[in-house]
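Step one of this worksheet: look at the structure below.
The values are calculated or read from the model by the stated rules, or taken from the named source; none is laboratory data. Please read all numbers here as calculations on a predicted model, not as lab measurements. When we count neighbours, we look across all protein chains shown, and the Cβ atoms used for this are built from the backbone with ideal geometry, even at glycine. What goes into the accessible areas is simple: the full protein's heavy atoms, side chains included, and nothing from ligands, DNA or RNA. Shrake-Rupley method; radii C 1.70, N 1.55, O 1.52, S 1.80 Å.
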Amino acid sequence: MEQLDLIIKNGKVVLSTGVVEIDIGIKDGKIAIIQKGITAKAEREWDAANQYVFPGMIDVHVHFSEPGREHWEGFHTGSMMMAAGGCTTYFDMPLNGIPSTINQDALDQKASIGNEKSYVDFSLWGGLVPGNEQELEPLAESGVIGFKAFISTTGNKEFEAADDMTLLNGMKTIAKLNKVLALHSESAAITNWLKEEKEREGKVSADDYLESRPIIAEVEAVERAIYYAELTGCPLHFVHISSARAIEKIEQAKQRGMNITVETCPHYLLFNHGHLKELGTIAKCAPPLREEEEQQKLISLLIEDKFDMISSDHSPCTYDLKDPKVHNLFQAWGGISGGQFSLLSTIELAVKFDIPLEKVAKWTASSPAERFGLTDHKGKITEGADADLAIVSLDETYTVTEENYFAKNKQSLYINHTFPCRIIGTLNKGNVVFKDGEIVIENPVGSWVKPKA
């Protein structure tokens, strides 16, 4: 065999079939050989003894706000943060940037910035908003990974929620384009009505915020979306599902043969409403963190494999929008900053609940690749695939601090949380991007990844 670029030796490699102590040979950004005791020469070697080698995470749900709101999070800091968390491909959502990614010009602008600044690979979502149905086909032809819409109020004037007619018309078009529609599913009518009642009565505490976004609002929106998908034939992906009752509706639809996938986020599994009461604004998100009893139900559903994937929903903002002195929870920005910690969180759950590590690889890499058309080169450790790898120690702990969090704005629910594992290194297409706590590559190597036609 010709000389390899890199051999990762002695690692415990997390394959789809289980964990195997084996070597990985990398050439020209691809996994060239997986074999016990590779004898070929290589320019470099990485001794991964007592370390686990996972497929690099594919995080299908992050909010980088560039262009327009780079001061919230941009491709430069955001992609470094993802690399530090063992993520090698992320999907950037279409809102929060100015302009939002709802037409061709906005897509081209965002892709150009990402190709220039991203340290790891990325894909881009397009948006479905009122009035842009005619933009869906050109966006699909240009390579968006899918489309995103909100059933709830967005709080973002650049990206409005989709009314029922927009949803139905958009779903019909998206089905014809053979794309997936990702949905934030909370009933705007229910949540807005309850919010107005609470604020009118001066009830603005953590408990009031939770009560304004009840589980029934998520269930109603999920059920309505499923009905619309039945009418239109549109594939759905439900984002950040936070309740067992919503999963029950989704599971019933799956059993009827509907084309649906579902994610949840680490913050719904590691944290609960008690953290919102204790920490205030930094723990505010939508849907909200649920009561501890519901959190335990979600963990049980994960163990039962009812979630297809884990995604961060990294949704940062500037400090003033999460000002802890704000006592009216309804006024604070609703989003969790934590994209660096999704793989670590999933491994923590696996360690705590004795979940096989190949399930971690499934939820964080292979299932996202399969759902969104990237299986030809992403999502698994297999010969011929991109050498996208996360090297992890389960013998070390990792406590989150502002100093080791790579996001632009450091306020996060995860600060001071200690994980029972540590990301040692991250490789994107064979390039060692992150190692031993630092970004070790001078120039960004990430590029826009488009789904297979």
Qualifying positions in segment 345-373 - assigned to a loop (DSSP other than H, G, I, E, B), out of contact with any strand residue (DSSP E or B) (no Cβ under 7 Å at 6 or more places or on another chain) and surrounded by 17 or more Cβ atoms within 10 Å (Cβ to Cβ): 355, 373
Among the numbered criteria (1) of a type in the set (Phe, Trp, Tyr); (2) within 25 Å of residue 64 (Cβ to Cβ); (3) more than 21 Å from the chain's Cα centre (by Cα), which one does residue 271 miss? (3)
Restricting to segment 433-444, name every residue that is surrounded by fewer than 20 Cβ atoms within 10 Å (Cβ to Cβ) and either touching a residue at least 12 places away in the same chain (Cβ under 8 Å) or charged (D, E, K, R) (or both). 435, 436, 437, 438, 439, 441, 442
Quick one: which residue in 162, 149 is within 18 Å of residue 232 (Cβ to Cβ) and part of a strand (DSSP E or B)? 149
Can you name the condition, by its number, that residue 392 falls short on among (1) closer than 20 Å to residue 122 by Cα; (2) β-branched (Val, Ile, Thr); (3) touching a residue at least 60 places away in the same chain (Cβ under 8 Å)? (1)
Determine, yes or no, whether residue 294 is of a type in the set (Asp, Glu) and either under 21 Å from residue 59 (Cβ atoms) or surrounded by fewer than 17 Cβ atoms within 10 Å (Cβ to Cβ) (or both). no
By my count, helices (runs of 4 or more DSSP H) wholly in segment 197-293 with at least 3 residues that are aliphatic (A, V, I, L, M) and over 22 Å from residue 413 (Cα atoms) are 215-232, 244-255
Name the pairs whose Cβ atoms lie under 9 Å apart, with the first residue in segment 325-346 and free of Cβ contacts under 8 Å to residues at least 60 places away in the same chain and among the charged types (D, E, K, R), the second open to solvent by less than 10 Å² (accessible area, probe 1.4 Å) and assigned to a helix (DSSP H, G or I), and 6 or more positions between them or separate chains? 325/281
Checked segment 71-102 for anything in a loop (DSSP other than H, G, I, E, B) and either of a type in the set (Phe, Trp, Tyr) or surrounded by fewer than 19 Cβ atoms within 10 Å (Cβ to Cβ) (or both); matches are 71, 72, 98, 99
Which residue out of 145, 113, 102 is within 23 Å of residue 447 (Cα to Cα), out of contact with any helix residue (DSSP H, G or I) (no Cβ under 8 Å at 6 or more places or on another chain) and in contact (Cβ under 8 Å) with a residue 24 or more places away in the chain? 145
